[in-house]
Amino acid sequence: MVPATQVTAGISPPGAQERRRLYRRILFAEQLRYALLVAPLIIYLLIFYIYPVASMLVRSFIGDGGFTLEYFERLLETPVYWRVFSNTVLLALATTLICLALAYPLAYAMSRASSTRAAIMFALVLLPFWTSILVRSYAWMVLLGRSGIFNDWLSRAGLIKEPLNLLYTPFAVYVAMVYVLLPFMILPLYSVLRSIDPSLLRAAEGLGASARQIFFHVVAPLSKPGVAAGCLVVFILALGFYITPALMGGQRDVTLAMLIAQQLDMYEWNFAAVLASMLLFFSLAVFFIFDKMIGIERMFAR
Amino acid sequence: MTRTLAKEMSGASRIGWLTRNLGSVLLELAAGLVMLFLVAPILVIVVVSFSSANYLSFPPPGFSLRWYADYLDQPGWVHATILSIWTAACVTIIASILGTAAAIGLVRGRLPAKRLLNACILSPLIVPGIVVAIGVYFFYVQIGLIGSPLAIIAAHSALAAPFVVLNVSATLYGFNQRLEQAAQNLGATRWQTFRYITLPIVKPGIVAGALLAFVTSFDELIVALFVSGTGAVTLPRKMWDSIRFGLEPTIASVSVLTIVVSVLAFLSAELLRRRTLRMMARESQSEA
């Protein structure tokens, strides 16, 4: 049997070419309709999101007299800015590692718990996840403040005479950053750990592996995608974090995002633009490196 | 020889049993402590908001609703709440309409540069909030929109759209396109196909996306901080200003109200998402 299309092509009745052209035109019209559905959102984003961010990038190169690298030079020449940058990266790295250390046992315990217990634990993880970052930062301010709850407890217990300065210190920033970002680590870890086939664990057990061996040789390697996803999300969010460090840090614990806001307040718009561009590029670079190494789409496909 | 080996083995298995249990106990303990760390601060805020004391203390000396009454008594708080609600409502409408249309086009069409379009739409999820805030701040200064609710609505809609696109796409991927084709073969117009086939199926996705869009705007602070000026003080902005001034328990009562709004919205979105997943699983089963 010869396929129908080949028959028509072979005989080539009059009008076949026109029919093919018409068919192609219908297909094109169909795709055009879909394109028209996407267009409004794209145009909207171009006006209210992409253009503003892009013109901010351009602004970093434009001085009073046209094109300039003046602001980049200033950035490179001032050690204070480099310290802010390295502080921010260190804070983000430390936050990521602490989150991983805290999230892993919880996610692992959740993945081994009975379904009812796992559901309750899951709900308790979602409660802070769903609460706004501002409220969660405020909660820690209430706990750590000079007239806050920890100081109240300690002085009522007679352990201290003067209230401790816990708030507006790097300690407060670390605690609150870890607190705010922890669910972003737990959720991908849990989803990966839960999806590990239990028969693998039984097989390892049947072959005589100890609990420790099962963990290190079966569970840990299989959880790598979750670790990677959690670390990526927490690190990128921590890099650009503004609300928590701005509320809880001291005068000297400046992060990149806080420096950007400060420059804006001082009407150093172009310099704020340079710093923001740097933050944007660094965040995107981290994202793309992860993407090349692990594949973001596979991570989000879960 | 065999006896010592057996003894050794039973010793090893006993140690193994012990370490296994010790490991489990330590794991449960660590998990419990992390759980406490996650939940306790929010519980403290909830309890403090019902405190009768003038100062922050836990447990509070008594129960009262005075901080909620205080919130209602201050026009500043009430205005900020109303502004936040209707701003978020506008964002929900804009993001839902634009996002749903875009999701249908992206999933059903075979468009060139699909990856690029997707990347553009989803990028607000990765780009740091402060970068977006600075960008839109410059833009709004240029066009004189600082301090207007419109400024906040316009920016928040861009940030909220990805959630609608993601949720609607998920429902679209889940159902068979042949249903739409069948309707059209039976003589339905494009509009009828959309109205009676596509829309009912993607509705849970739209609603879930809309709920997330609402919370995104309702809880958003960074953009609001820069563009709200003095004329469009949203609830998070008002909370920020008050927190910088002092940690009065009124803020705790406002916090609890925002927690309730967020949790309700997220919870409904999550339940809708799960229902869609179940329906998709059922459909693929019946097909197989």
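Please treat every number below as a calculation from the coordinates, not as lab data. On a predicted model such as this, the values are computed, not experimentally measured, just so you know. Here Cβ is always computed from backbone atoms with ideal geometry, including for glycine, and neighbour counts include all displayed protein chains.
Things worth noting here:
- Calculated on C-alpha atoms, the gyration radius of chain A divided by its Kirkwood radius gives an Rg/Rh of 1.14.
- By the compact-protein rule of thumb, 2.2 N^0.38 Å, the alpha-carbon radius of gyration of region B:66-287 corresponds to a ratio of 1.18.
- Our estimate of slack between residue A:159 and residue A:265, defined as 0.36 nm per intervening residue step minus the Cα-Cα distance, is 34.0 nm.
- Kirkwood-type radius of region B:195-274, with distances r between different C-alpha atoms, in Å: 14.5
- Among the trypsin sites (Lys or Arg not before Pro) within region A:156-195, those in coil by DSSP and having at most 14 neighbouring Cβ atoms inside 10 Å are A:161.
- Taking amide hydrogens as placed 1.01 Å from N in the peptide plane, the amide H of residue A:62 sits under 5 Å from those of A:68, each at least 5 positions away in sequence or on another chain.
- Rounded Å value of the spacing that divides the Cα centres of region A:226-273 and region A:157-209: 23
- Cα centroids of region A:23-45 and region B:106-171: 20 Å apart.
- Residues whose amide H falls under 5 Å from that of residue A:167, counting only those 5 or more places apart or on a different chain, are A:146, with hydrogens built in the peptide plane.
- Here region A:42-92 is treated as an ellipsoid with the same Cα gyration tensor; its semi-axes, largest first and in whole Å, are 27, 20, 5.
- 3J(HN,Hα) couplings calculated from phi for region A:74-86 with the Karplus curve 6.51 cos²θ - 1.76 cosθ + 1.60 (θ = phi - 60°) are, in sequence order, 4, 4, 5, 8, 9, x, 4, 5, 5, 5, 4, 4, 5 Hz; Gly and Pro show x.
- Estimated [θ] at 222 nm from DSSP helical runs (n ≥ 4, -39500 (n - 2.57)) normalised by residues in the protein assembly as shown, nearest 500: -25500 deg cm²/dmol
- Taking a ≥ b ≥ c as the square roots of the eigenvalues of the Cα gyration tensor, the protein assembly as shown is classed as oblate, since a/c reaches at least 1.5 and a/b does not exceed b/c.
- Spatial separation of Cα centroids for region B:255-278 and region B:192-245, in angstrom: 14
- Computed magnitude of the charge dipole of the protein assembly as shown (debye, nearest 20; Cβ of K, R +1, Cβ of D, E -1): 2120
- Mean shadow area of region A:27-137 over all directions, Cα convex hull, nm²: 14.8
- Given charges at beta-carbon only (K, R positive; D, E negative), |dipole| of chain A in Debye: 1120
- Total charge dipole magnitude, region B:66-287, about the Cα centre, Cβ charges on Lys, Arg, Asp, Glu only, Debye to nearest 20: 880
- Residues residue B:33 and residue B:69, FRET efficiency given R0 of 30 Å [Cβ-Cβ distance, rounded to 0.05]: 0.25
- Normalised by 2.2 N^0.38 Å, where N is the number of residues, the alpha-carbon radius of gyration of region A:84-197 equals 1.27.
- Amide H contacts of residue B:51 (H built 1.01 Å from N, under 5 Å, at least 5 apart or other chain): B:64
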